[in-house]
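Q: Mind looking over this structure? Questions follow.
Rule-based calculations on the coordinates, nothing more; no lab input. Just so it is clear, the structure is predicted and the values come from calculations on it, not from any experiment. A quick note on method: Cβ atoms are made from the backbone with ideal geometry, for glycine too, and the neighbour counts reach across all protein chains shown.
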Amino acid sequence: MINFFRKTRKKLADDNKFFKYSRYAIGEIVLVVIGILIALQINNWNEDRKTTDTEIEYLMRLRSDLANDTAYYHRRIKAADKIIADHKKAIILSYNEFASPQDFYEGFNNIVWSSEFLTIRDNTYAEMHNAGQINIIKNEKIKTAILEFYRQVDVAAKHFEEFNNTSIGFLSDFLIQSKALKHFWSYGREGSSWTTEMLDESDDWQWINDPKSELFNSFQFTLEFYKNKQNYFKFYCKDLANKSTVLLQEIENELRNRSVEVPSPTIEPIFVID
């Protein structure tokens, strides 16, 4: 057996086949390695392309959310202006003399006791946050701006909730004390449990003619609180509208810089400014 290997080795050495086979084997190994590296590179390119496509999709969705929310903030500002004006008029009007429950009803029936919470379209941001996909945004400035903007939205939403809960509490206390508010919410409406005769015979609305009464002061305080609440809401919505507009423009610029077509955003009907 040993002699066989010796003869084989001698023959390979004599024919120089060993070096030929070695070079062939090394060449095959190099080709395999190159093939693996190319496959890995292609895979990396595909993964990077998928990541970029996902990032672009998120940016487009964020842009749509911000466009709709900006319209929503302006709608809230417009609504707040009307409520503030109506409550100012009601406060002044309350010092007038009311001769009948019908006068009382007609004087205050248009008051809006609004307690709408801050309701924005943050589904895209929430999805990114919950999936740990925030870091998919390559532009660090935009990523930081997105995180900071929605942090401020969260702060504003908590303040909206606190103000609304407090104002609802004040209104509930007043309703418990007085039947008069029930009067001008029900008077003249179909299906009302209060008839005109009942209203005419009732005198529990007459506190409105007594500025020193507890109910009058409670009514004034509730009106004033709702008015001031809307002033705060208006301030928050103006601030958020400005910031969402800036962030929206930054996202659009980023998309354009990356050769992405940026069509006009679609504003959902519920968010259209009246």
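Q: Put a dot 7 Å past each Cα toward the Cβ at residue 166 and residue 267; how far apart are the dots in nm?
A: Those two pseudo-labels are separated by 3.2 nm.
Q: Taking the number of other C-beta atoms within 10 Å as the exposure measure, put 113, 207 in order starting with the fewest.
A: Values: 113 14, 207 19.
Result, fewest neighbours first: 113, 207.
Q: What is the extension gain from residue 50 to residue 110, computed as 0.36 nm multiplied by their sequence separation minus the C-alpha to C-alpha distance, in nm to one decimal? Display every interim value, and only then the final one.
A: On the way: separation 60, 0.36 × 60 = 21.60 nm, distance 5.50 nm.
Fully extending the segment from residue 50 to residue 110 adds 16.1 nm.
Q: Another question, if that's okay. Once you list every other residue whose beta carbon is under 12 Å from the beta carbon of residue 87, what net charge do they have if Lys and Arg are +1 and Asp and Glu are -1? Could you put the intermediate results ahead of the total?
A: On the way: positive: 82, 88, 89, 227, 229; negative: 81, 86, 224.
For residues surrounding residue 87, the net value is +2.
Q: Per residue of region 143-152, what does 6.51 cos²θ - 1.76 cosθ + 1.60 with θ = phi - 60° give for ³J(HN,Hα)? Whole Hz please, x for Gly and Pro, Karplus curve as stated.
A: Couplings: 4, 5, 5, 4, 4, 5, 4, 6, 5, 5 Hz.
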